[in-house]
Each structure stands twice: as structure tokens, then as C-alpha cells.
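Scroll down for the structure; my scribbles are underneath it.
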Amino acid sequence: MNHELTALYFMWKRELIRFTRSKSRVVGSLAMPFFFMAILGTSMNGIGSLPAGDGNYLEFIMPGILAMVLLFGSVFTGVIVIMDRQFGFLKETLVAPVSRTCIVLGKSLGGATTAVLQGLMMMGLAVALGASVDLAGLPVVIALMALISMAFVALGVAIGSVLEDMHGFQLIMNFLVMPMFFLSGALFPLSSAPEIVRMVSYIDPLTYAVEAMRFFLVGHSTMPIEISLGVLVLFFAATTTISTYLFNRIES
Amino acid sequence: MDIIELSGLTKKFGPLVAVDSVSLKIREGEIFGLLGPNGAGKTTAISMLVTMKKPTSGSACVNGFDIVKEPDGVRRSIGIVFQDPSLDEELTAYENLELHAAMYGIERKDRRDRILEVVRIVELEDRINDIVKTFSGGMRRRLEIARGLLHYPKILFLDEPTIGLDPQTRKHVWDYIKTLKVEHGITIVMTTHYMEEADSLCDRVAIIDNGKIIALDTPDALKDSLGGDIIIVRTPEPRKIEEAVKGIARKTKIDDGSISLSVAQADKKILKIMDIARERKIEVQAISMHKPTLDDVFLHYTGRNIREEAVSGKDAMRIRHNAWAGGRR
């Protein structure tokens, strides 16, 4: 058991080492959300009435942009399973005398940690742009970010376990991740969206992540926080179970 | 003593039978080679022995552990060097080895010493803290061998250990493999499609084609089974030579202006034949000898030459990948 935990710790550490060595990738992954926030957040200010952030659009989209960073960061580290497969490292982990569950958990925890770190960096940038963050509430926000990240890393691992190569990756980004982001109400209030968009957004797990982030960061959400958190916990349980199952099934 | 035993091991992919009811025994401490063309089933056979693929039918024991029922026992007994690279390129050599040590349950206090020990075997001490991305193909291979040895396996599996390496590095890797056997007593099971590699390294060789073992013996015995070495004498009087070498040659064959003789140990017999010809004043224009290679053995058993096999798509990809990786160094 002890040996399994050690293996889990080293899988986690591996993700962190890779994160600190890939500075250009981190900058690249933060660039798009930053532009969204810097350009949309400052120029759309005051164009309409917003239900949150006292009409300050920057503060309205900040939680949404953070959720976006978490989503992209987590799904990406999960999908890295494909890269591990292509570069052969996956085989090394698959034939080790450790349970696959330990490997996939270590990997997911590591991926989630790096996603939260990216979220915190983004939060720093938001503050630099003029958004205000309540420091006292930060621990709760970090815990929430960790929950969201772990759920989406697991989703990424699940996808990565079934995809054969990197070709499928663009497809996932364009047909799953981007729609998830746009439908989540990260950039606009869902209350102003047409009925059909709103309906679809309710099946988007990221909607609940954005709602919860908004609740804890700017004190407003259209959905009761118990529902957002409940859905996120269920989503986390589901993706973790599925990813563990699918990862266990890989036969290379 | 037999350390690995396969009985009726079979792996099917749909209608394709990749490994077809293979039974064989590998002895402790030997270097055992699986030799065959690309796609013969070597890698699939190894994959089953290292518990990466499950057999369709049949069974195998590795170090006394059943590959299906006791995979963790098998995994702890073996080290593996895969055909394709399997290092994390973004980690340093040390970090790669450390992760491996953790996964194989090596105690924290022993990790550093073990890592230093194995990098010394493959002479990579001075690059231990460098990121693997900066390593050449040969250095990566050596690091993978080091990693395979880290948990003191009883058996080391090497799948095409020298594929894509330049001749000098290949020679180097051969030396390491021999050292492992001689100094550390490790049983080595390797696959290769290089005949000279199997010949110079392996104690015993199984020739595999279309998933079946078609011959198994020491390289010398396999070559001898073809009837020995060939000496070709160019002479206007082949009949006289034939008469003269009676008792030396096992078989003779006369062609126009030459005669070929099947003999044992051609390098010694060739001098004798020269002496006899001179004694009897038979004119000899040229004399040459040819030792059968494992190529000839393969040809003999399959009717095909191993080198005629087309390069598979995966190989082509591997070659491209290596070229690309080489360009970055």
C-alpha cells in the first residue's frame, strides 16, 4: 500500500515537474483567456445591465474566465495520456507492478494541481486589470477550483484513454471544449440567452462550475449554490469512475 | 533450470494469428534470441510475457509466476527495454529513474545508490541531471537499459535493442548486454531481426516466422544443420579436385569450371585443400570460402530471405521519428 502511495506521489510530482519546465506552454495557454478578459472585460464595460459585478463586466467574466483556464488546463493534461502513448512512456507505467488506479489518480491529482496553479496565475492577472478578489474567501475558491479541475482532468484522461492518437485532439477541442465554454455563461448572463441556449447550458457541467465560481468570487449566482456544488461533485464522481475504468482497460 | 516456460501460447487479432501455439523453455542465465522478420510475432510474444497483452489461449510462466494469474509477480521479476522509446523526454535521466524506482517499490533510502549504480553500468553518470530530450538515440537506449536493471530483475527483456542505432552504438549496446550476462548473471530474452546480432550475442536462438517457431538451437548448431561451410574452388580440373578431397568434404558439387565443397570448419580445411592441390599439381585459379549465416538458416527453413521483407509502416515511422529527433540534437 505504502509503495502504491509512493508511486502515486511520483506520478503527481511528474506532472508538476513537466509544468514548471513548459513555460512557453503555460504562457500560451493563459494568452487566450487573458485576451478575453483584457479586451472584452475592459471594452464591454457598461454596455448593458449585468446581474453580477455591479455592471462591471470585467468582474462578471472573471469567474467565467477562471473556469475557462481550469477547463482548458485540466482537459489538456488529461488528454496528455495520448502523448504518453505516442512517446511510449505510457507503456513504462502500464507494466509497472502498481495498480493502474494509483497511476491514474496520481496523474489526475498532478494535472489538477497544475490547472489550479494556472487559475491562480490568471486570478493575479485579473487583479492587475482591476478586478477585486476577496483574500479571505480565497481558500474556499481554491478548494472549488481543485474540485472543478479534478473533474475535468478525469474527463480528459477518459477521452485520452480511448483516443488512438493526437488527431482526435483537435476534434475534442472544437466540438467539446469550446462549446462547453461558450454555453457555460462564462461570457454572458444565461438569463439573457434564448431559451434553447439556456436549456443546452443546463447539461453543460461547466455552467455549474462558472455559477459556483461566481458565487464565491463576486457573491452572485443565478443558481442556488447547493445545486451547483451538488452537480459538480456528481460530475467529479462520474468522470473519475469512468476515467479509472477506461484507463484500466488500456491494452497497448 | 528453466526460468521461462511457454506452452501453446497463442495470440489472435481477429482472423490474424500473431503468435501460433508457441511452446519453448528458456534457461536461467542464457541470452535467448527470438529472430524473425518484421511482423513475425516476436514483439507480440514478448508483450504477452511481460504482461502487456493477454494471450488468447495457452499459458506461460516467468520466474515461476503465471503471466495471466500473477502479473505483479512477473512484473517484479523482469526488466523491459521496449522496441520504441519509452522515456519521459521532459524529465532528466535521474527523474526518469527515480519514478521507475518508486513504481517498483524500491525503498527511498536505496533509490539514489541504485540509480547511481545503474547509470555507471551504462556510462551515463555525467549526463544524469540532463533532460532526456537532449540525449542522442544511443544514450536513450542506454538509459532505458539502465532503467530496466534498476529493480534488479532476474530477467531482462530487450525488444529490438539496437534498432535505429548507428553501428558503433550498436556494438556498444552489445557489449553491455554481454556484461549483464557475464557479470550479473541476468537471463536475457531479446528479439531482433539482425542476423549478425543474434549470431554474436545469443546462446540460443529461436527462429520465428508467421507466429511459429521453425527452428531452435544454438547459432552454431543451426548453421551446422545446413551441412557446414562451403569452399568453392575454381579449376579447369574439378574432377581431380573431387577425387583429391575425398574424406575432407561431406558433399561436393561440380559446376562448369568450379567445384563447391561442403565441409566443417572451412577456415582450416581450405589450407589442406591448397596443399593437396599443390602436391598433386592440380591447377587452382581461385579459392573462396563461405560460412553459412543465420540468413542462410532462415532461407533454408522458410524459402525466403529475411532481408527481402518490406519495411513496415511502423518501421518507416520509427525511422522518420529518429531522423527528426536527430535533427533537433
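In a simple Cβ point-charge model (Lys, Arg +1; Asp, Glu -1; nothing else charged), chain B has a dipole of about 300 debye relative to its Cα centre.
Here the Karplus relation 6.51 cos²θ - 1.76 cosθ + 1.60, evaluated at θ = phi - 60°, turns the backbone of segment A:10-18 into coupling constants of 6, 5, 5, 4, 4, 4, 5, 4, 4 Hz, with x for every Gly and Pro. Beyond a 23 Å Cα-Cα separation, which of these cross-linked pairs lie in this structure: B:Lys53/B:Lys154; B:Lys11/B:Lys171; B:Lys53/B:Lys109; A:Lys13/B:Lys154? As for pairs spanning more than 23 Å Cα to Cα, those are B:Lys11/B:Lys171; B:Lys53/B:Lys109; A:Lys13/B:Lys154. Segment B:50-75 and segment B:20-47 have their alpha-carbon centroids 14 Å apart. For A:Met121 and A:Ile225, the difference between the fully extended length at 0.36 nm per residue and the C-alpha to C-alpha distance is 34.9 nm. When the helices of chain A are scored as -39500 (n - 2.57) per DSSP H run of n ≥ 4 and the total is divided over every residue, the value at 222 nm lands at -24500 deg cm²/dmol.
Placing unit charges on the Cβ atoms only, positive for Lys and Arg and negative for Asp and Glu, gives segment B:227-291 a dipole magnitude near 200 debye about its Cα centre.
Taking 0.36 nm per residue of sequence separation and removing the Cα-Cα distance, the B:Asp113/B:Asp217 pair yields an extension gain of 33.5 nm. Excluding residues on the same chain fewer than 8 positions from B:Lys251, give the lysines whose Cα lies under 26 Å from its Cα. Result set, ordered by chain and number: B:Lys223, B:Lys240, B:Lys268, B:Lys269, B:Lys272, B:Lys281, B:Lys291.
Amide H to amide H, with H built 1.01 Å from N, B:Ser21 comes under 5 Å of B:Thr10, B:Lys11, counting only residues 5 or more places away or on other chains.
A crude spin-label estimate for the pair B:Gln168 and B:Ala286, with each label 7 Å from Cα along the Cβ direction, gives 3.4 nm.
The modelled label-to-label distance between B:Arg239 and B:Ser21, using points 7 Å beyond Cα along the C-beta direction, is 5.3 nm. Using +1 at the C-beta of Lys and Arg and -1 at the C-beta of Asp and Glu, which of A:Val210, A:Ser192, B:Gln168 has the Cα lying farthest in the positive direction of the dipole of the protein assembly as shown? Positive-end residue among those listed: B:Gln168. Once each of the GluC sites (Glu not before Pro) sitting in a DSSP loop with at most 12 other beta-carbon atoms within 10 Å is removed, chain A keeps A:1-163 as its longest stretch. Farthest towards the positive end of the charge dipole of segment B:227-291, among the residues B:Gln285, B:Leu261, B:Ile248, is the Cα of B:Ile248, using unit charges on the Cβ of Lys, Arg, Asp and Glu. Extending 7 Å from the Cα toward the beta-carbon at both B:His184 and B:Lys133 defines two label points whose distance is 2.9 nm. Placing +1 on the Cβ of every Lys and Arg and -1 on the Cβ of every Asp and Glu, with no other charges, gives the protein assembly as shown a dipole of roughly 860 debye about its Cα centre. Taking 0.36 nm per residue of separation and subtracting the Cα-Cα distance, full extension of the segment from B:Asp275 to B:Glu196 would add 25.2 nm.
All of the numbers you see were taken from the coordinates with simple rules; none came from a lab. Not measured: the values here are computed from a predicted model. We place every Cβ from the backbone using ideal geometry, glycine too, and count neighbours over all the protein chains shown.
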